[in-house]
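The structure under discussion appears below in the form of structure tokens.
Bear in mind that the values in this text are calculations on the coordinates, not laboratory data. These figures come from a predicted structure and were not determined experimentally. As a convention, Cβ positions derive from the backbone with ideal geometry for all residues, glycine included, and neighbour counts pool all protein chains shown.
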Amino acid sequence: MSYTSWRGVVGLIKPTHRPGSLEELIRLLPEGIGVIPLFVGFQRGDEEEFRAAVQAYEDRVQELAKLGVDLIHPEGAPPFMVHGYKGEEKIVKQWEEKYKRPIVTASQTQVEAMRALGVKKILGVTYFTGKINDTFTRYFTEAGFEILAMEGMSVAFEDVGRLASQEVYAHTRKAFLRHPGADAIYMLGSGWRTLDIIKPLEEDLQVPVIHPVPARVWSLQKRLHVRQPVKGYGQLLEEMP
């Protein structure tokens with residue numbers, strides 16, 4: 001690999017072709033970490049499409065392993081959460097044994113971040129509605145957390161990136177006040193552009209916010225044996241527990 005990637009190279013598998021979260025990740029990662037992105041290309045964002053995507057992800061895992069990346073990170077928590085906490089773990093272990101590369105999914109980085117912050121009771125907010133939020137709740141319950149609610153926003157899958165972060169802030173704040181007792185807020189999905197509200201939410205509501213992008217940055221650093229805190233995006237990246 002190039003010497004410009006002197007701290008390591010991460011192979012990403014992006015669930016959609018949406019711009020935004022890839023740029024955010026690259027900006028927040030320390031200098032010297034290279035990124036090679038591949039894409040699955042979800043269109044509908046429903047449970048049926050997520051369940052059918054295992055082979056598409058594996059094809060890209062295989063491609064990245066052949067390229068010799070140091071770490072493979074399949075993004076998109078829902079496509080793995082639909083298989084359950086233990087089911088996801090089984091899939092990842094099989095891929096690691098087969099392709100001889102360390103692998104961590106988005107949902108695994110989020111569970112690890114919650115544990116590192118000592119979180120027990122979670123309020124979740126998502127840009128999904130209906131029964132799939134129950135699937136997300138089951139996943140985190142299996143992982144050992146108490147989920148007070150998984151509050152969805154009604155928005156078309158292809159329009160998630162157009163939501164104003166202030167709308168998401170208002171939705172999150174109202175949900176938090178409706179469900180007292182949470183010791184963390186979990187924001188599911190990298191599709192919305194909400195990095196700018198992490199710190200205000202933490203300051204206003206006095207609990208940490210687990211957002212997919214900072215959780216990803218924190219976990220990738222940890223696995224590459226790098227520790228470079230980043231200010232302005234919440235407790236997880238500022239403290240690097």
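For region 127-241, what D do you get in µm² per second when you plug the Kirkwood radius from alpha-carbon pairs into Stokes-Einstein at 25 °C and 0.890 mPa s?
Details: Rh = 15.0 Å.
The estimated diffusion coefficient comes to 163 µm²/s.
Please give, to one decimal in nm, the separation of the simple spin-label points placed at residue 96 and residue 31, each 7 Å out from Cα toward the Cβ.
In this crude label model, residue 96 to residue 31 measures out at 3.2 nm.
Can you compute 3J(HN,Hα) from phi for each residue in region 157-174, using the Karplus curve 6.51 cos²θ - 1.76 cosθ + 1.60 with θ = phi - 60°, rounded to whole Hz and x for Gly and Pro?
Values, residue by residue: 3, 6, 9, 4, x, 8, 4, 6, 4, 5, 5, 5, 4, 4, 4, 5, 4, 4 Hz.
May I ask for the distance between the Cα centers of region 34-67 and region 1-32, given as a whole number of Å?
16 Å
For every other residue with a beta carbon closer than 12 angstrom to the beta carbon of residue 151, add +1 if it is Lys or Arg and -1 if Asp or Glu, then tell me the sum.
Working: positive: 173, 174, 178; negative: none.
Taking every Cβ under 12 Å from that of residue 151, the sum is +3.
Could you work out the helix-only [θ] at 222 nm for the chain, with each DSSP H run of four or more residues adding -39,500 (n - 2.57) and the total divided by the number of residues, to the nearest 500 deg cm²/dmol? The partial results should precede the final answer.
Values: 11 runs with 107 residues, N = 241.
Computed ellipticity for the chain at 222 nm equals -13000 deg cm²/dmol.
List the residues whose amide H sits under 5 Å from the amide H of residue 34, counting only those 5 or more places along or on another chain, with H placed 1.01 Å from N in the peptide plane.
Hits under the 5 Å cutoff: 7, 8, 9, 10.
Evaluate the relative contact order of region 98-228 (contact order divided by residue number), counting alpha-carbon pairs under 8 angstrom at least 6 apart; express in whole percent. Don't skip to the answer; put the middle values down first.
On the way: 174 pairs, mean separation 37.9, N = 131.
Relative contact order, region 98-228: 29 percent.
May I ask you to compute the full-extension gain from residue 178 to residue 134, defined as 0.36 nm times their residue separation minus their alpha-carbon distance, rounded to one decimal in nm?
Numbers: separation 44, 0.36 × 44 = 15.84 nm, distance 1.80 nm.
Stretched out fully, the residue 178 to residue 134 stretch lengthens by 14.0 nm.
Using 1/(1 + (r/R0)^6) with R0 = 22 angstrom and r between the beta carbons of residue 203 and residue 115, what's the FRET efficiency to the nearest 0.05?
Values: r = 23 Å, r/R0 = 1.06.
Once rounded, the FRET efficiency stands at 0.40.
What residues qualify as long-range amide H neighbours of residue 151, i.e. H under 5 Å apart, gap of 5 or more or another chain, H built at 1.01 Å from N?
For residue 151, the qualifying residues are 124, 125, 126.
Classify region 185-241 as rounded, prolate or oblate from the Cα gyration tensor: take a ≥ b ≥ c as the square roots of its eigenvalues, call it rounded if a/c is under 1.5, otherwise prolate when a/b beats b/c and oblate if not. Kindly include the intermediate steps, with their values, before the conclusion.
Values: a/c = 2.20, a/b = 1.44, b/c = 1.53.
Since a/c reaches 1.5 but b/c is at least a/b, the shape of region 185-241 is classed as oblate.
Would you please classify the overall shape of region 53-118 from the alpha carbon gyration tensor, given that a ≥ b ≥ c denote the square roots of the eigenvalues, rounded means a/c under 1.5, and beyond that prolate means a/b larger than b/c while oblate covers the rest?
Working: a/c = 2.03, a/b = 1.47, b/c = 1.38.
Prolate, since a/c reaches 1.5 and a/b exceeds b/c.
Past 27 Å, Cα to Cα: identify those pairs from 121/222; 120/222; 93/231; 98/131, in the order given.
Values: 121/222 24 Å; 120/222 22 Å; 93/231 34 Å; 98/131 33 Å.
93/231; 98/131, as the Cα separations exceed 27 Å there.
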